[in-house]
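Working notes for the structure below.
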Amino acid sequence: MEIKESIKKTISENDVCLFMKGTPDSPQCGFSMAVSNVLKHMNVSFKGVNVLEDENLRKGIKEFSDWPTIPQLYVKGEFIGGCDIVKEMFEKGELKKLFEKKKII
């Protein structure tokens, strides 16, 4: 139960939160790198959370979101999706609109 509370706290304290493998400066998988690069390209400040540092966190975030893969992007507490969804939203301009609506950019 405590990992769920920790995840909630992290999401609530950061407007843009990316649960990823590795860190924004040193991603440990291509999918995490892709989402991190999209956010950097958009000049969005975000909190990168390395799920590889804690197996409980790695399992916990999948249960928390009911989403089987990592990375996972949260914006102002809302689960946006993983790599494919984020890339598609970026390409269609939907991600920019979301960030503007949520007053991130």
*Looking only at region 47-67, and only at residues there that are of a type outside the set (Val, Ile, Thr) and assigned to a strand (DSSP E or B), the one that is farthest from the chain's Cα centre (by Cα)*: Asn50
*Residues of region 5-37 being charged (D, E, K, R) and either outside any helix (DSSP H, G or I) or at pLDDT below 95 (or both), which ones?*
Asp15, Lys21, Asp25
*asked:* When you check Gly82 against the structure, is it within 18 Å of Gly30 (Cα to Cα) and either in contact with a helix residue (DSSP H, G or I) (Cβ under 6 Å, 6 or more places away or on another chain) or touching a residue at least 24 places away in the same chain (Cβ under 8 Å) (or both), yes or no?
replied: yes
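Here is a yes/no grid of residues against (1) under 22 Å from Glu100 (Cα atoms); (2) crowded, with 16+ Cβ neighbours inside 10 Å:
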position	(1), (2)
Glu2	no, no
Asp15	yes, yes
Met33	no, yes
Asp66	no, no
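The values are calculated or read from the model by the stated rules, or taken from the named source; none is laboratory data. These numbers come from a predicted model, not from an experiment. Quick reminder, even Gly has a Cβ in these numbers, built from the backbone with ideal geometry, and neighbours come from all protein chains shown.
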